[in-house]
Amino acid sequence: EQLFQKAACLGIGIELNLSDMNFSDEEADIVLAPYRVAKQCGCKFYCGSDAHRPRDFTCAKEYFERAFDLLDLTEQDKFIIKK
């Protein structure tokens, strides 16, 4: 909690990593628990793929949308990179 409070205070975005978003329904609460804490602390989120090949993006939209829904993320939760 302290880490995420500090991240929110400093305006540091929290990455939703594609490779972590492929979880079963049974694993959802465990996998998403830290992200829920981050959201409660006021953190903003961005998506990261760590993709190395085009096929690594095959399920990206589906996985990220599922995570957004389960975390109840909206446009207000989006991390914006400031120039």
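So what is the 222 nm mean residue ellipticity for the chain from helices alone, if each DSSP H run of at least 4 adds -39500 (n - 2.57) and you divide by all residues, rounding to the nearest 500 deg cm²/dmol?
The per-residue figure over the chain is -12500 deg cm²/dmol.
When every alpha-carbon pair in the chain is counted, what percent end up more than 23 Å apart?
22 percent
Per residue, how large is the accessible surface of the chain? Use a 1.4 angstrom probe and give square angstrom.
Value returned for the chain: 73 Å² of accessible area per residue.
Using a simple charge model, +1 on the beta-carbon of Lys and Arg, -1 on the beta-carbon of Asp and Glu, nothing else, what dipole does region 25-83 show about its Cα centre, in debye to the nearest 20?
I would put it at about 540 debye.
Name the residue farthest towards the positive end of the dipole of the chain from the options ALA28, SER49, GLY13, assuming +1 on Cβ of Lys and Arg, -1 on Cβ of Asp and Glu, about the Cα centre.
Final value for the positive-end residue is GLY13.
Using the Kyte-Doolittle scale, which helices in the chain average at least -1.0 and also have C-alpha atoms spread 15 Å or more along the helix axis, with helices defined as whole DSSP H runs?
Long hydrophobic helices here: 28-40, 60-71.
What's the longest piece of the chain with no exposed GluC sites (Glu not before Pro), counting a site as exposed if DSSP puts it in a loop and it has at most 11 other beta carbons within 10 Å?
My reading of the result: 28-83 is the longest stretch.
Quick one: length gained pulling ARG66 to ASP29 fully straight, 0.36 nm per residue minus the C-alpha distance?
Extra length from ARG66 to ASP29 when fully extended: 12.0 nm.
Gaussian network model of the chain, Cα springs within a sub-10 Å range: biggest mean-square fluctuation belongs to which of ALA38, ALA60, ALA28?
ALA28
Run the accessible area of the chain with a 1.4 Å probe and give the carbon-and-sulfur part as a rounded percent.
Heavy-atom surface of the chain belonging to carbon and sulfur, 1.4 Å probe: 53 percent.
The values are calculated or read from the model by the stated rules, or taken from the named source; none is laboratory data. The structure presented is a predicted model; accordingly, all values stated were derived computationally and were not measured. Neighbour counts are summed over all protein chains in view; Cβ atoms, including those assigned to glycine, are modelled from backbone coordinates with ideal geometry. The area values use the complete protein model at the heavy-atom level, side chains included, leaving out ligands, DNA and RNA. Shrake-Rupley method; radii C 1.70, N 1.55, O 1.52, S 1.80 Å.
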